[in-house]
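The values are calculated or read from the model by the stated rules, or taken from the named source; none is laboratory data. Keep in mind that what you see is a predicted model, and the values were worked out from it rather than measured. For neighbour counting, all protein chains shown are included, and Cβ atoms are generated from backbone atoms with ideal geometry for every residue, glycine included.
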Ligand SMILES: NC(=O)c1ccc[n+]([C@@H]2O[C@H](COP(=O)([O-])OP(=O)(O)OC[C@H]3O[C@@H](n4cnc5c(N)ncnc54)[C@H](OP(=O)(O)O)[C@@H]3O)[C@@H](O)[C@H]2O)c1
């Protein structure tokens with residue numbers, strides 16, 4: 001399919017991050033936009049943290065459809081959003097903004113403005129990462145969190161969002177392991193405040209316990225020289241039925257390799273990346289994006305030999 005030229009009616013959406021040049025999002029979002037016949041373009045723009053407020057206001061004023069936010073902007077963007085969707089409020093972190101203008105019919109997204117630009121525009125924040133984790137686990141591993149025991153390695157930004165969403169979905173027991181203990185402890189307190197019935201433990205499960213899923217949400221595995229993200233003395237991967245690594249490049253990390261050798265059904269983070277983008281495009285367009293077209297574009301971009309070296313979401 002040929003990409004139509006940019007003209008005076010072209011609308012824009014995009015990703016703000018720092019760094020951002022490695023991002024796979026323009027490749028698969030533009031493939032989706034093209035297949036949907038939209039006269040839009042998806043850009044990746046490097047924005048320093050101190051410039052984020054101005055950059056968001058600028059995009060708003062220029063009639064951008066919406067934005068994705070990646071590291072290190074997700075928490076600051078949450079504070080800057082004019083409105084935040086309910087499920088994202090608990091997370092304190094957003095990765096998607098939808099711009100809406102105040103029209104005679106009320107607040108309408110940019111796609112419904114017609115030729116007029118409203119004087120008042122607001123941003124509405126969403127966290128599509130959280131939903132993407134659940135969708136990826138469901139589709140790639142046949143996993144549904146209700147009643148399950150889960151070991152989470154890494155309670156940074158992505159691990160925290162995963163833990164909170166797994167709690168929302170009814171997980172029964174969470175084991176949290178993190179290099180910086182205080183972060184795991186503060187997440188435990190946070191989860192227990194909102195989900196008193198859920199059992200949250202810091203550290204590995206006792207040697208006699210099995211879990212349903214072990215998830216790597218540390219950044220260990222991105223680089224060849226990285227140590228392993230778990231302690232094999234404390235937890236043998238044979239004690240989990242399933243293994244999920246949020247990392248998608250390399251496609252098979254040493255964690256996933258060991259999990260497969262231990263007999264776990266396993267998946268990497270490619271579907272998670274895909275679905276956070278699919279949901280954002282759905283919010284912006286109000287239509288169902290072409291998932292398989294986007295997946296093919298993402299796979300080609302991420303796993304082609306000429307793909308940029310910096311492997312981050
Ligand atoms: N597939 C996707 O769509 C997607 C989306 C988001 C993130 N991710 C991936 O998820 C991973 C985490 O991302 P994030 O945004 O949560 O990053 P982050 O907030 O920086 O968290 C990094 C995590 O890794 C741990 N870690 C880093 N270096 C370590 C080391 N040398 N030893 C032990 N632990 C270490 C950190 O522990 P401390 O707390 O002790 O620093 C923390 O738990 C990354 O690999 C990222 O690429 C994937």
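Only residues that are touching a strand residue (DSSP E or B) at 6+ places or on another chain (Cβ under 8 Å), in a loop (DSSP other than H, G, I, E, B) and within 16 Å of the ligand (Cβ to nearest atom) were counted across the range 179-207, and they come to 2.
With in a helix (DSSP H, G or I) and within 30 Å of residue 202 (Cβ to Cβ) as the only criterion, which of 280, 258, 297 stands out? It would help to see each step written out before you state the result.
Numbers: 280 fails: within 30 Å of residue 202 (Cβ to Cβ); 297 fails: within 30 Å of residue 202 (Cβ to Cβ).
Exactly one residue qualifies, and that residue is 258.
Could you tell me whether any residue of the range 82-103 is modelled with pLDDT of 95 or more, within 11 Å of the ligand (Cβ to nearest atom) and in a helix (DSSP H, G or I)? Checked against the condition, which is being modelled with pLDDT of 95 or more, within 11 Å of the ligand (Cβ to nearest atom) and in a helix (DSSP H, G or I), the range 82-103 yields no hits at all. Of 41, 11, 21, all but one fail to be modelled with pLDDT under 95 and either crowded, with 18+ Cβ neighbours inside 10 Å or over 19 Å from residue 125 (Cβ atoms) (or both); the exception is 21. Condition check for residue 68 on (1) away from the ligand (no atom under 16 Å from the Cβ); (2) crowded, with 21+ Cβ neighbours inside 10 Å; (3) assigned by TED's automatic domain parsing to the domain that holds residue 25: one failure, at (1). For the range 240-247, state whether one or more residues are closer than 30 Å to residue 27 by Cα, surrounded by fewer than 21 Cβ atoms within 10 Å (Cβ to Cβ) and under 20 Å from the mean Cα position of the chain (by Cα). No, the range 240-247 contains no residue that is closer than 30 Å to residue 27 by Cα, surrounded by fewer than 21 Cβ atoms within 10 Å (Cβ to Cβ) and under 20 Å from the mean Cα position of the chain (by Cα). Within the range 248-260, the set of residues being out of contact with any strand residue (DSSP E or B) (no Cβ under 7 Å at 6 or more places or on another chain) and touching a residue at least 24 places away in the same chain (Cβ under 8 Å) comprises 248, 249, 250, 251, 254, 258.
Screening 297, 243, 262, 287 for residues that are at pLDDT 95 or above, touching a helix residue (DSSP H, G or I) at 6+ places or on another chain (Cβ under 7 Å) and assigned by TED's automatic domain parsing to the domain that holds residue 32 leaves exactly one candidate, 297. Being at pLDDT 95 or above and assigned to a loop (DSSP other than H, G, I, E, B) is the filter; apply it to the range 208-221 and report the residue that is nearest to residue 265 (Cα to Cα). Of everything passing the filter in the range 208-221, 210 is nearest to residue 265 (Cα to Cα).
Taking the conditions exactly as written (more than 16 Å from the ligand (Cβ to nearest atom) and part of a loop (DSSP other than H, G, I, E, B)), does residue 125 satisfy them or not? Taking the combined requirement at face value, the residue does not satisfy it.
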